[in-house]
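Single-structure report; data block below.
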Amino acid sequence: AGEASASVLASALGWGLTAGAMAIYTPMIATTLAKKNADGMSVSTWSLNLSGFLIFVVYHIRNGYSLSTFLDFAALGLQSAVLLALTARYQRALPPIALLPAASLAAASLLPTAFLGPLQGVAAFITSVALVPQVWRNFAARSRGGWSPISAALSTGGNAARIFTTLTLAEGNPILLAQFAACLLLNGVLLVQALVWD
């Protein structure tokens, strides 16, 4: 009965995370559109985020994991795509790293199943380091770099919850757990930056 209750709770939490993820980057999208300015935002961060989210979603689909374990990342991927496009447009720059999401999607979709585990490891690494350019940029400018405190708080809480859902619904996958722990840490840093600067 205890395992069944934990599974139901984890599934409900996963769906709750999906609902929250539908709008997690909305404050940044709205601000960027209103100001017609993406100064402080990192094209590298959005390219890496989108790449990791794409691999993550395809990995879960191809492994047959429950929809509640990854739909939030599909929503985050869509919003990351919007922010990547807006940042590139307003900064009038499209560095080569902006092509990484297309290559990531192709690799995750076309590689044989035997490569999915290692590819998810790559996605975990990509997603974990995706925030580093933004964190570094914020430190250098002593600014939150357009990062919303609401988005940072939701991301920090969401990664903490994802650790629980992964333990319960995705068989405690160590690659996913490492990814969520690293993202929890980096989103926590962004939250502190967003609260202290600007």
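With every protein chain present, what is the per residue accessible area of region 53-153 (1.4 Å probe, Å²)?
Working: 4720 Å² over 101 residues.
Per residue, region 53-153 has 47 Å² of solvent-accessible surface.
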For a quick check: with amide H placed at 1.01 Å from N, whose amide H comes under 5 Å from L111's, ignoring anything fewer than 5 positions away on the same chain? none
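For the chain, what does the helix formula give at 222 nm: sum of -39500 (n - 2.57) over DSSP H segments with n ≥ 4, over the residue count, nearest 500 deg cm²/dmol?
Details: 9 runs with 152 residues, N = 198.
After summing the helix terms and dividing by the residues of the chain, the value is -25500 deg cm²/dmol.
Would you please name the trypsin sites (Lys or Arg not before Pro) within region 1-67 that are DSSP coil residues with at most 13 other C-beta atoms within 10 Å of their C-beta? If you can, show how the numbers build up before the last one.
On the way: sites: K35, K36, R62; in loops: K36.
Here the sparse-neighbourhood loop sites are K36.
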Looking at the chain as a GNM with Cα springs under 10 Å, which of A12, A106, A140 has the largest mean-square fluctuation? A140
Could you bin all the Cα-Cα distances of region 8-89 into 5 Å bins starting at 0 and give me the percent of pairs in each, rounded to whole numbers? 3, 16, 22, 21, 16, 11, 7, 3, 1
Keeping all protein chains in position, work out how much accessible area L105 exposes to a 1.4 Å probe, and write it in Å² to the nearest 10. 70 Å²
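Put I175, I61 in order of accessible area, largest first, 1.4 Å probe: what do you get? Don't skip to the end; give the middle numbers.
On the way: I175 55, I61 100 Å².
So the residues, ranked largest to smallest area, are I61, I175.
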Across all directions of projection, what mean area in square nanometres is found for the Cα convex hull of region 39-144? 6.7 nm²
In region 1-157, carbon and sulfur make up what percent of the accessible area (probe 1.4 Å)? 71 percent
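Which FRET efficiency value, to the nearest 0.05, is calculated for A34 and L94 with the Förster distance at 22 angstrom and r the Cβ-Cβ distance?
Working: r = 23 Å, r/R0 = 1.02.
FRET efficiency, A34 to L94: 0.45.
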Name the residue, out of A93, A85, A123, whose mean-square fluctuation peaks in a Gaussian network model built on the chain with Cα pairs under 10 Å. A93
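Compute the Rg to Rh ratio over the chain from the alpha carbon atoms, using the Kirkwood formula for Rh, and round to two decimal places. Before the final figure, lay out each step's value.
Values: Rg = 16.4 Å, Rh = 16.9 Å.
Answer for the chain: 0.97.
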Mind computing the radius of gyration and Dmax over the alpha-carbon atoms of region 93-198? Å is fine for both. 15.6, 47
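The values are calculated or read from the model by the stated rules, or taken from the named source; none is laboratory data. Treat the numbers as computed from the prediction; the structure is a model and nothing was measured. Here Cβ is always computed from backbone atoms with ideal geometry, including for glycine, and neighbour counts include all displayed protein chains. Just the protein is used for accessible areas: all its heavy atoms, side chains included, with ligands, DNA and RNA removed. Shrake-Rupley method; radii C 1.70, N 1.55, O 1.52, S 1.80 Å.
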